1. Dividing the alpha-carbon radius of gyration of region 486-531 by 2.2 N^0.38 Å (N being the number of residues), what value is obtained?
2. If region 434-487 were replaced by its equivalent ellipsoid, with semi-axes equal to the square roots of 5 times the Cα gyration tensor eigenvalues, what would those be, largest first, whole Å?
3. Which helices, taking whole DSSP H runs in the chain, have alpha carbons extending 18 angstrom or more along the helix axis plus mean Kyte-Doolittle at least -0.5?
4. Determine the distance separating the Cα centre of region 370-401 from the Cα centre of region 313-328; give it in Å without decimals.
5. Do any of LYS280/LYS401; LYS58/LYS98; LYS38/LYS105 go past 22 Å between their Cα atoms, and which?
6. Hey, got the Cα dimensions of region 232-345 along the principal axes, in Å, largest first?
7. What FRET efficiency would be calculated for the residue pair GLU316, ASP424, taking the C-beta separation as r and a Förster radius of 22 Å, to the nearest 0.05?
8. Rolling a 1.4 Å sphere over the protein heavy atoms, what is the accessible area per residue of region 266-400, to the nearest Å²?
Amino acid sequence: MIQGIGAATGVAIGKAFVLPHWELDLPDSEMDAVDLAKEFERLYEGIRTSKNEIEYIKNEFKEMVGPEESQIFDAHLAILEDPVFMNEIQGIIERQYKAAEVAVKEAIDHFVSMFDLLDDEYMKERALDIKDVGNRLLKHLLGAPEVKLPADTQPYILVAKELSPSQLVHLNPSHVLGIVTMTGGITSHSAIMARALGIPLVSGIENKLEEPIQTGEYLVVDGDTGLLYVEPDAIILEQYEEIRDQQRKKKEQLQLLAMVDPVTKDGVSFNLAANMSSVKELDIALKHGAFGVGLFRTEFLYMDRHSFPTEDEQFEVYKLVAENVGQGSAVIRTLDIGGDKPLDYLPLAEEENPFLGYRAIRICLDNAELFQTQLSAILRASVYGNVKIMYPMISSVEELKQANAILRQAMEDLDQRGLAYNPDIKVGIMIEVPAAVTIADLLAEEADFFSIGTNDLVQYVLAVDRMNEQIAHMYRPFHPAILRMLRMTVDAAHKAGIPVSVCGELAGDERAIPIWLELGIRSLSMSPQSLLRVKHRILNTNAADAKAEAAACFKLSTVSAIEERLSAFSERDSSSAKEAKGTDSTAS
């Protein structure tokens, strides 16, 4: 038994396939000065080929899990365009007369060593990205073949020193039961991808093995606890087979809930919708029982391109969404770029703090033509289903009025062109800025609905960048300040008689259900993967008990006390549901 890091949950049992380590065969002689131009041309050709390959891999992965996770490969493309990295390679060729592949290898080693010296796990994980990109470039320069995975369809547990996103994207999840890596952790891009693919992963075992794992050895991978068993005995094997079977059974049981309405045991109904970034995700969401789209992120239509999408291009996408949501609605959020989502073809000034800078509605209002084009496309799609418009990052009544003025211009333009739209389309805003919470009563006079974006709201209220590992532990959605902000928003919406929903990650947190019941929120929008889990919790919750629990939480002064109380209630509720199920089985 080896204690590693549980980087992707789940249990895998099977035979190991150890990925061979690729050995470099680099030339050791210096180049002649006359050959430098040829080496630079080889380098540039290798970069072009690598870029094309990464773009292809990115699109392939996007088809599997969606656009957000596939952005991992944007980091890889950025490395190939990074002037510091490329200047290092070019300098070695020019000053030391070394072959392009030697220069690439030395540059990789230099930056990886530099990152490894930093006392920052996140930066150490980024060293793997440099190695991944560098090795891809090296393989093109050396003409080395890709390391092949088993050709047969017998499922296996993949074992590797380290596994790059480029390798992981080619794995067939139905063939790979689990993954074991010697290095890496929960913040690595490979771990993120493994979680997206639903493959259990244990990492960080390099210095804990007495002997290397061999292909064909039997393994048990526990991605929940980080435990790895090599050639386990019959007792361990039996225990984990039971755990694995229980996990599979739970997934199957949850899938049976797809067509069941989310109603508490005492009759309180919820509406569960899906957050998504592409039409492809809609099929998954509907299979998981989503009732409409609570948040359609449109910015991904603007990415991976060299120019803005046209009105017709956008219309076709929005129309598809509208046509396929059935009786539910499709809430389309207008362009939310800037911050962590830049566009190559829209140059923005570098900012000290882009999350508090020029982004989202601020960019749209300054680029009225760009904004009107998008609004026109959404309006045209509104005749094909129940489409709603939602503006992000509104912080003042003036912004909302300006946005609506441009919307009216779009309507007038469509009238002149003789194009149909729904003139009574509902227009709402995201509540994700503290200012919006404090003036929610004023905004409610201008908006048709609110949708609370808890991801940014928590970040802004608590002044915590959750991507900063030094303070990520302070990102606590159940902080008393957040609960108060939620109540203020809901009270303002209810007083004005407009609907309010939640579309941030907190919507997919089962522990929060008592909070929604107490506040009177009945519409939640979340990732498709969270829908069945949340629905299961709702079906096994007594609303009256949950409200009493939440009311007590609103009186607590510390986030720890609130989290403990909500977790205890969730576990108690879950245990009661299991006991009731057992009683039903016995009776029948």
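1. For region 486-531, the normalised Cα radius of gyration is 1.14.
2. After scaling each eigenvalue by five and taking roots: 25, 10, 8 Å.
3. Counting only whole DSSP H runs, the qualifying helices are 83-96, 100-117, 368-381, 480-496.
4. The two parts, judged by their Cα centres, are 15 Å apart.
5. Table pairs above 22 Å Cα-Cα are LYS280/LYS401; LYS58/LYS98.
6. In descending order, the Cα extents are 61, 43, 23 Å.
7. Values: r = 23 Å, r/R0 = 1.06.
Efficiency at R0 = 22 Å is approximately 0.40.
8. Normalised by residue count, the accessible surface of region 266-400 is 40 Å².
The values are calculated or read from the model by the stated rules, or taken from the named source; none is laboratory data. Since this is a predicted model, take the numbers as computed values, not measurements. Heads up, the Cβs are rebuilt from the backbone with ideal geometry, glycines too, and the neighbour counts pull from every protein chain shown. Remember, those area values only see protein heavy atoms, side chains included, never the ligands or the DNA or RNA. Shrake-Rupley method; radii C 1.70, N 1.55, O 1.52, S 1.80 Å.
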